[in-house]
Every structure is written in structure tokens, then in C-alpha cells.
Amino acid sequence: MSTIAVLGTYDSKGHELDFVARCIAARGHTPLRIDVGTLDEAVVAPDIRRDEILDFSTVSDRNDRGACVAAMAAAVPGFLAKLAADGVIQGVISLGGGGGTAIGTAAMRALAVGFPKVMVSTLASGNTAPYVGTTDIVMFPSIVDVAGLNRLSRLLFARAAGAVCGMVEAEVGEEAERPLVVASMFGNTTACVNMAKEILEAAGQEVLVFHATGTGGRTMEAMIGSGLVAGVLDVTITEWADEWVGGILGAGPARLEAAGKMGVPAVVAPGCLDMVNFGEPATVPARFAGRLFYHHNPQVTLMRTSPEECVELGRILAEKVNAYTGPVTVLLPLRGVSVISAEGGPFYSPEADEALFRSIHKHLAPHIPLIEIDAVINDPVFAQTCADALLAHMVAGAAAAAAPSE
């Protein structure tokens with residue numbers, strides 16, 4: 001059976017963590033109790049003591065709980081990642097309130113995607129993005145505070161223990177590994193990406209599609225940066241519209257950079273740069289009054305980017321791509337960068353699209369191929385051209401890698 005880390009603050013949550021450990025043992029697995037407490041002595045003896053993880057003499061004020069939590073959150077990721085890399089543990093579970101969740105999820109974010117990780121937290125029903133980041137941490141709501149064992153906490157802790165055990169026990173059928181391609185997609189570019197995905201998979205690639213909602217873009221960038229990716233189909237860069245204009249789905253200023261830094265073959269298109277995302281209409285900032293909006297659904301309000309904004313977005317796209325060290329092609333769908341900016345759509349604006357395309361032409365380095373397709377982005381011709389360009393780059397890159405050095 002497997003060894004599962006039961007990580008937490010054994011000074012304040014020791015009895016609760018020990019209960020989880022005993023639930024894991026009852027299912028035939030071995031719990032490894034790891035203490036990341038920072039103040040009082042552990043109330044239950046751990047298998048790994050806190051001073052094996054952190055030298056507390058490096059903390060400026062040992063009585064400052066915030067400083068201690070921050071120091072432990074910085075120290076434990078590398079420690080836990082080594083246990084996982086060495087095969088000592090096959091899963092991890094933690095319980096916590098504010099400090100415990102910060103420490104536990106910091107450790108879990110250092111683990112590979114697919115490694116079983118469950119965080120039982122009082123914060124699981126709120127905004128979990130700062131804790132989950134771009135990983136696959138399962139946030140399990142504690143419902144009541146992690147403060148003692150009672151009829152409800154016992155039930156929930158036992159279920160959480162069962163969840164991490166089930167994750168560890170789950171087997172994935174083996175299949176031959178294929179080159180990995182990542183692709184960005186939004187509802188307004190779904191047809192394009194699905195068609196290109198079919199073409200790439202028929203050519204022997206495995207395609208992972210990421211939803212361009214901010215988190216999706218950051219996760220895709222992290223995946224590219226991991227070194228596992230052989231090709232990038234980045235045809236939906238709408239997150240940059242949100243990042244630049246002030247929408248809610250920005251992916252940060254590093255979006256579009258990982259492929260360039262890693263030298264991965266790529267295809268880039270300005271998919272969905274016609275729109276900025278907001279929530280319900282009442283959430284749109286007052287400074288955008290008078291702009292053109294489209295109500296995608298009751299929870300999503302889209303705003304059309306202006307020609308001036310498109311000039312800047314074209315510049316950003318070109319400057320990011322100019323830094324690419326691997327083969328890259330930029331493709332422009334001249335009849336619409338999304339479903340709703342095509343002729344007859346609510347965001348149809350030849351002036352804004354032309355400003356975007358002119359800016360890309362102006363700022364893109366001359367040595368980078370730029371292909372214009374007289375079609376909307378979801379036209380099969382555009383999807384085919386994207387897939388063909390990426391496959392050509394990947395084949396050329398593989399040939400160059402295989403060639404004997406001088």
C-alpha cells in the first residue's frame with residue numbers, strides 16, 4: 001500500500017490530524033505525520049518534526065506568528081517535493097484554518113500535477129485561487145472550524161481521508177506517450193481549436209486544451225515552463241485584453257512568454273482580443289459607461305475593445321512573440337477574431353480589427369512568419385492552417401534536434 005503525508009500544525013490541530021491519520025491507516029495505507037506547527041509543542045508526536053523542516057533560528061521574531069508561518073510556508077514546499085520525488089510519499093492531506101491552509105497549500109503547490117493532494121480548510125468555500133494557484137489541489141470545505149472532534153468534523157475528516165486514499169488507489173491505464181501540445185480556447189474560438197485538435201491528434205500529438213479564463217492561461221504557461229510541452233497552439237489570447245484594459249480574466253504580464261523562453265514551436269493568433277470580460281452588468285466599472293457591451297450570459301458581460309486598445313494589444317502580441325527563441329508563426333483571421341466580431345455579429349468592427357492587424361504588422365519582427373487568412377477564426381481553413389503551421393515547426397524542430405552536431 002501507499003504512504004500518505006498527513007501534514008499540519010500539530011500544536012493546534014494535532015488531535016484532528018491524528019484522527020485523519022488513523023482513518024488512513026484503517027484503509028491499509030501508512031500515514032506519515034509531518035508537523036509544520038510554529039509556536040507551541042506538538043500535542044501528538046509526529047513522524048517528522050518541524051525542526052527537520054525549518055531552522056527556527058533564521059526567523060527574526062520567534063514570537064511573531066505571521067513571520068513563523070511565512071517562514072514555514074517558504075521552507076516546506078522543497079521538503080515535501082523531495083519526499084514525493086524520492087518516492088517516500090504517494091499522497092498528502094492537510095487540515096487548517098488561515099495559517100494552516102497557507103502552509104499546507106504552499107507545500108502542495110510544489111508537487112506535480114496528478115499527485116494526490118487534499119486540503120481540508122475553513123477557507124475552501126471562498127476565493128481559493130491564492131491557495132490552489134495553477135495546481136490540482138482539492139480544497140475540501142471543513143464546514144465547521146478545525147477545532148476539535150465532534151459528530152460533524154469526524155464525518156468530514158473521515159470523508160476527506162477516504163478521498164485522498166481513493167486518489168492514491170486510483171490506477172490510470174498506461175498508453176504510449178505522444179508529443180504534448182497545449183492549446184488555448186474560449187467559447188468564441190471553440191470550433192477552431194476543436195478542428196485543429198483533431199488534425200494534430202490524427203498526426204500523432206496529444207493535445208491539452210486550456211480555458212483562457214486567467215487561471216487557464218497561467219496554468220498553460222506553467223505547463224509549458226515545465227519542459228513537458230512539444231508544441232503550443234496559442235490562438236486565444238483574450239486574457240491580454242483583460243490584463244491591458246482592466247477586465248476580470250487577466251492572466252498576468254507573463255502571459256505569452258513561456259513558449260518563447262523554452263524555445264517551444266508555437267503558433268499564435270489574436271483570438272478573442274475583441275472582448276474584455278466582466279461579471280454581471282452591475283459589476284462593470286463606471287469608467288466604461290457608454291462602451292459597447294454584449295451579455296454573454298447573466299453572469300458574464302463582454303465589452304468590445306476599442307481601436308485604440310487594439311493598437312496596444314497588437315503591440316503586446318508582437319513584442320511578446322519577437323522574444324521567442326523557437327520557431328513561431330503568427331496567423332491573422334481577417335474576417336473576425338471571434339464568433340461575435342464576424343460580420344453581422346454584435347462586436348463587428350472593421351475599424352478595431354484593422355487597428356489590431358496594422359499594429360501587429362508594424363511591431364512584429366520581419367523574420368517571423370505572418371500569415372493572413374481571409375476567413376473568420378472558426379473557419380476550417382483557418383484551423384487547418386494553424387495546425388499545419390505548428391506541425392511543420394514541430395517536425396523541423398525534431399529534425400534539428402536529431403541532427404548530429406558539427
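Numbers for the structure displayed
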| read-out | value |
| --- | --- |
| Tally of residues being without any contact (Cβ under 8 Å) to a residue 40 or more places away in the chain and either surrounded by fewer than 14 Cβ atoms within 10 Å (Cβ to Cβ) or among the aliphatic types (A, V, I, L, M) (or both) across region 288-327 | 8 |
| Whichever residue in region 123-153 is surrounded by 12 or more Cβ atoms within 10 Å (Cβ to Cβ) and closer than 17 Å to residue 15 by Cα and, among such residues, is modelled with the lowest pLDDT | 147 |
| Region 225-238, residues that are under 23 Å from residue 129 (Cα atoms) and either surrounded by fewer than 24 Cβ atoms within 10 Å (Cβ to Cβ) or in contact with a Phe, Trp or Tyr (Cβ under 7 Å, 6 or more places away or on another chain) (or both) | 225, 226, 236, 238 |
| Filtered residue count, region 57-96, keeping only those that are under 24 Å from residue 25 (Cα atoms) and not β-branched (Val, Ile, Thr) | 14 |
| Every residue from region 259-312 that is within 21 Å of the chain's Cα centre (by Cα), small (Gly, Ala, Ser) and under 23 Å from residue 356 (Cα atoms) | 259, 260, 266, 269, 271 |
| When residues of region 335-394 are limited to those that are within 19 Å of residue 202 (Cα to Cα) and among the aliphatic types (A, V, I, L, M), the one modelled with the lowest pLDDT | 394 |
| Counted residues, region 261-309 - those being closer than 30 Å to residue 387 by Cβ, touching a strand residue (DSSP E or B) at 6+ places or on another chain (Cβ under 7 Å) and hydrophobic (A, V, I, L, M, F, W, C) | 10 |
| Complete set of residues in region 161-193 that are over 24 Å from the mean Cα position of the chain (by Cα) and in contact (Cβ under 8 Å) with a residue 12 or more places away in the chain | 161, 162, 165, 169 |
| So residue 394, is it in the same structural domain as residue 204 (by TED's automatic domain parsing), part of a strand (DSSP E or B) and touching a residue at least 40 places away in the same chain (Cβ under 8 Å) | no |
| Any hit, region 356-374, residues being of a type in the set (Gly, Ala, Ser), surrounded by 14 or more Cβ atoms within 10 Å (Cβ to Cβ) and either under 27 Å from the mean Cα position of the chain (by Cα) or within 17 Å of residue 232 (Cβ to Cβ) (or both) | no |
| Residues (surrounded by fewer than 23 Cβ atoms within 10 Å (Cβ to Cβ) and at pLDDT 95 or above) located in region 32-42 | 32, 33 |
| Residue satisfying condition, being within 19 Å of residue 97 (Cβ to Cβ) and of a type in the set (D, E, K, R), within set 55, 40 | 40 |
| Selection within region 220-239 - in a helix (DSSP H, G or I), within 20 Å of residue 196 (Cβ to Cβ) and touching a Lys or Arg at 6+ places or on another chain (Cβ under 8 Å) | 221, 239 |
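The values are calculated or read from the model by the stated rules, or taken from the named source; none is laboratory data. Computed from a predicted structure; not experimentally measured. Backbone-built Cβ (ideal geometry, glycine too); neighbour counts: all protein chains shown.
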